[in-house]
Amino acid sequence: MSADKGSLTVTINKTSGASNAQIGDPVYGDQIEWNPREGLVTKEGSQSPATGLIHEITHVVVNQDGVASSAQDQVTMMKENIINSETGEGKIISMEKLKK
Ligand SMILES: [Zn+2]
């Protein structure tokens, strides 16, 4: 993240359901619900719960970066795949229909 994001605030709460990001709430701000026991196994490999959290954080950062709504899912996946190439986690390609 760049240095001019001093006011970036996001609340992360634990959930037993699906991890997700709720972006732009005028009262509560950006919030993430994260399931620390939710991993994924796909044809492209496996993903740990930590990667799930990075995915949701990336959604928030992409939105705060001002990326157009219609491009946010694609940019999130692209950024996540860069991280996954470093960590060895499986690539995300078209999971956005399953996982927001
Ligand atoms: Zn997503």
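The values are calculated or read from the model by the stated rules, or taken from the named source; none is laboratory data. No experiment lies behind these values; they were computed from the predicted model shown. Cβ coordinates were reconstructed from backbone atoms using ideal geometry, including for glycine residues, and neighbour counts include every protein chain displayed.
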note = Reported set for the range 8-52 where residues are more than 16 Å from the ligand (Cβ to nearest atom), of a type outside the set (Lys, Arg) and at pLDDT 95 or above is Asn13, Ser16, Pro36
query = In the range 11-28, what residues are part of a loop (DSSP other than H, G, I, E, B) and under 23 Å from Ile93 (Cβ atoms)?
reply = Ala18, Ser19
query = Between a first residue in the range 9-21 that is free of Cβ contacts under 8 Å to residues at least 12 places away in the same chain and a second residue that is part of a loop (DSSP other than H, G, I, E, B) and within 15 Å of the ligand (Cβ to nearest atom), which pairs have beta carbons less than 7 Å apart while being 6 or more apart in sequence or on different chains?
reply = none
message = Just checking, does the range 53-65 include any residue being in contact with a Gly (Cβ under 9 Å, 6 or more places away or on another chain) and buried (at least 16 other Cβ atoms within 10 Å of the Cβ)?
response = yes
ask   = Quick one: Asn84 ticks every box in (1) in contact with a helix residue (DSSP H, G or I) (Cβ under 7 Å, 6 or more places away or on another chain); (2) modelled with pLDDT of 95 or more bar one, so which box is it?
value = (2)
remark   = Checked against (1) within 11 Å of the ligand (Cβ to nearest atom); (2) surrounded by fewer than 17 Cβ atoms within 10 Å (Cβ to Cβ), Asp73 satisfies every condition except (2)
request  = Restrict the check to the range 19-34 and report whether at least one residue is crowded, with 17+ Cβ neighbours inside 10 Å and out of contact with any strand residue (DSSP E or B) (no Cβ under 7 Å at 6 or more places or on another chain).
outcome  = no
